[in-house]
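Following: one structure in structure tokens, then a few remarks.
The values are calculated or read from the model by the stated rules, or taken from the named source; none is laboratory data. Predicted, not measured: the structure shown is a model, and the values here were computed from it. Cβ: placed from backbone, ideal geometry, glycine included. Neighbour counts: every protein chain shown. Note: accessible area is taken over every heavy atom of the protein model, side chains too, but ligands, DNA and RNA are not part of it. Shrake-Rupley method; radii C 1.70, N 1.55, O 1.52, S 1.80 Å.
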Amino acid sequence: MKNATRAALFLVCISFAYLGCTPEETPVTEVQAPTPTQTVPPTIESFSPQSAFAGEQVTILGTGFGQLPIGIQVFFGDVEAQVVSASSTKILVIVPEGAEAEKIQVKAEGGQAFSDKDFELAPTVYVGGLSSNSAVIWKNGIQEVILNQAIIREIDVVGTDIFMIGELGPNIDQAFLFKNDAFNQEVSLEIVPGTNFSRVRDLTAVGEDIIVVGFDFVNTISDPSAVLWKNGARAVLSSQFNSSIATGIFRDGNKTYIVGRDGNNGVIWENGVQKLLEKPNEFSLTNPSSVVVEGNTTYVSGYGQNLDNDQFPVVWIDGLLSYLSFSEGTTESIFSYNGDIYVAGRIQNQEGIRVACYWKNGEIVYLTDGSNDAYAYDVFIFENDVYVAGFTDNQAVIWKNGIMTSLGQGRAYSIFVK
């Protein structure tokens, strides 16, 4: 009994002791509200490559491009580029058409940044010609087939528009005008019903006007007519003889100069008025190929042919003839740059091999060594670099400052650099 009483008293004490104790207080931790992510101004540390063509990719490294860089904008000068991918420290963009050789600008949430160095825009080189019986254009060396069973004679680039002329058909006998890699019926060249053949040789695109020159055969194949197509509409140039052809055109302000041949005489049409170019007695035929106006002086390239059918490269200066070489040869195109006159063509060496060359202010520059036949058809100067298009050993080629690059099988007839 005593034991039971003691046990009961012990339990009561324990109970009172528990009830009298104060439990230890647990500290309360205050939950802080999340701090908004602070944006920081972007910086551009570097970009590569330092120089690229339009359409190529450039990588920009830096900081502060944003945690979610969705709204990033990149500009080359004033032209916005397409952003391929972006992170807070790296942006991959495509160099846009019309990009300017200026600093790269990045616009991000935290502001804008400019590169320390200017981006160097590599020129875009367009070459037109022929490969495997197809009209082709090479853009920075990459070939694109424009049309099968055709040939491109000349190209001109205005802004983002590319104009190309040539002939198509099984016998390469019908003139055409391409615009931006597609046949455009709105600027198709008017053909007179019954015309057997039509040929084009040069074009110029100024403003809204696209002018093409060449010739066609309305009556007989022995009597071609020099023709001008303006925005596709055909007009016959004045002629004193039974046959005439137009081979080159140049626009200078409100004046249009066209050169060609009328009968056996080299001629120039200035705003439609025909003038004869000098033909010495030793020449049975003179054949101009191209024209340019520098200052107030008119330069015409071409060749003269004697009674033995030997051809000699010449240039006419304000209508007066001057020999470029007394070796046999021809000239195909002429170009002026900073007051200098460049003429592309070829001469024949003592072994009878054709050597590609050009003349700068009458001084010859050889492009090939005479081991194989080679032809220089067109010349273009861009930022003091000399580009020449032609072909040798069944390869379409370009020469830049005398260094040859093969474009593959074919022939290159025209070049334009922008």
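Label the range 279-418 by shape, choosing from rounded, prolate and oblate, from the square roots a ≥ b ≥ c of the eigenvalues of the Cα gyration tensor; if a/c is under 1.5 it is rounded, and otherwise prolate applies when a/b is larger than b/c, oblate when it is not.
Verdict is oblate for the range 279-418.
Taking only protein heavy atoms and a 1.4 Å probe, what accessible area per residue, in Å², does the chain have with all protein chains in place?
52 Å²
So if the hydrodynamic radius of the range 262-355 is defined as the Kirkwood radius over C-alpha pairs, what does Stokes-Einstein give as its diffusion coefficient at 20 °C and 1.002 mPa s, in µm² per second?
Once the numbers are plugged in, D ends up at 158 µm²/s.
Figure the gain on full extension for Ile142 and Ser48 (residue separation times 0.36 nm, minus the Cα-Cα span) and round it to one decimal in nm.
31.6 nm
So what is the relative contact order for the range 227-287, in percent, with contacts set as C-alpha pairs under 8 Å and at least six apart?
For the range 227-287, the relative contact order is 24 percent.
First select every other residue whose beta carbon is under 10 angstrom from the beta carbon of Ala205; then total the charges, Lys and Arg +1, Asp and Glu -1.
-2
Could you tell me what percent of the accessible area of the chain is made up of carbon and sulfur, with a 1.4 Å probe and every protein chain present?
Using a 1.4 Å probe with all protein chains present, the chain comes out at 49 percent carbon and sulfur.
Does the range 89-215 come out rounded, prolate or oblate, given a ≥ b ≥ c as the square roots of the eigenvalues of its C-alpha gyration tensor, rounded meaning a/c under 1.5 and, failing that, prolate meaning a/b above b/c?
Prolate.
Convert each backbone phi in the range 329-346 into a coupling constant with the Karplus relation 6.51 cos²θ - 1.76 cosθ + 1.60 (shift: θ = phi - 60°), then list the ³J(HN,Hα) values in order as whole Hz, x for Gly and Pro.
x, 9, 10, 10, 8, 9, 8, 10, 8, 6, x, 8, 10, 10, 10, 9, x, 8
Diagonalise the Cα gyration tensor of the range 331-378 and give the resulting equivalent ellipsoid semi-axes, square root of 5 times each eigenvalue, largest first, whole Å.
One finds semi-axes of 22, 9, 7 Å for the range 331-378.
Which three semi-axes in whole Å describe the equivalent ellipsoid of the range 367-411, each the square root of 5 times a Cα gyration tensor eigenvalue, listed largest first?
Equivalent ellipsoid semi-axes, largest first: 18, 11, 8 Å.
Per residue of the range 110-120, what does 6.51 cos²θ - 1.76 cosθ + 1.60 with θ = phi - 60° give for ³J(HN,Hα)? Whole Hz please, x for Gly and Pro, Karplus curve as stated.
Result, ordered by residue: x, x, 9, 9, 10, 6, 5, 9, 6, 6, 9 Hz.
Need one number: convex hull volume per residue for the range 103-168, Cα atoms only, in Å³.
Cα convex hull per residue, to the nearest whole number: 117 Å³.
Using only C-alpha positions, report the orientation-averaged shadow area of the convex hull of the range 214-271, nm², one decimal.
Taking a quarter of the hull surface, the average projection is 4.0 nm².
Between Thr160 and Asp78, what FRET efficiency comes out of the Förster formula 1/(1 + (r/R0)^6) with R0 = 25 Å and r the beta carbon distance, rounded to 0.05?
0.95
How much net charge surrounds Met404 when only the other residues with a Cβ under 11 Å from the Cβ of Met404 are counted, with Lys and Arg +1 and Asp and Glu -1?
Overall, the nearby charge balance is -1.
I'd like the orientation of helix 2-20 relative to the chain: the angle between its Cα long axis and the longest Cα principal axis, in ° from 0 to 90, rounded to 10.
Rounded to the nearest ten degrees, it is 40.
Amide H neighbours of Leu324 under 5 Å, at least 5 residues apart or on other chains, H built in the peptide plane: list them.
Val314, Val315
Suppose R0 equals 45 Å. What FRET efficiency, 1/(1 + (r/R0)^6) with r the Cβ-Cβ distance, do Ala122 and Ile317 give to the nearest 0.05?
Using R0 = 45 Å, I get an efficiency of 0.80.
How large is the convex hull of the Cα atoms of the range 56-105 per residue, expressed in Å³ as a whole number?
Once divided by residue count, the hull of the range 56-105 is 67 Å³.
May I ask which of Lys275/Lys360; Lys103/Lys360; Lys275/Lys418; Lys179/Lys360 have a Cα-Cα span longer than 28 Å here?
Violating the 28 Å limit, Cα to Cα: Lys103/Lys360; Lys275/Lys418; Lys179/Lys360.
Just order 372-378, 407-413, 272-278, 145-151 by mean Cβ neighbour count inside 10 Å, highest at the front, would you?
372-378, 407-413, 145-151, 272-278
Could you tell me what % of all Cα pairs in the range 134-174 have separations over 11 Å?
Percent of Cα pairs beyond 11 Å in the range 134-174: 65.
Give the calculated FRET efficiency between Leu307 and Ile353 to the nearest 0.05, with a Förster radius of 25 Å applied to their Cβ-Cβ distance.
Calculated value: 0.55.
Run the numbers for Lys360 and Gln57: contour at 0.36 nm per residue of separation, minus the present Cα-Cα distance, in nm.
Length gained between Lys360 and Gln57: 105.4 nm.
Using modelled amide H (1.01 Å from N, peptide plane; none on Pro or chain starts), what sits under 5 Å from the amide H of Ser333, excluding residues fewer than 5 places away?
Ala344
Which of the peptides 80-93, 118-131 is most tightly packed, and how do the rest follow, judged by the mean count of other Cβ atoms within 10 Å per residue?
Result, highest mean Cβ count within 10 Å first: 118-131, 80-93.
Along its principal axes, what span do the Cα atoms of the chain show, with the longest given first and each in whole Å?
157, 46, 40
Give me, ordered by chain and number, the residues 5 or more places off Ala122 or on other chains with an amide H under 5 Å from its own placed amide H.
Ala52, Phe53
Spin-label point model (7 Å from Cα, Cβ direction): what's the Ile191 to Glu208 distance in nm?
Distance between label points: 2.8 nm.
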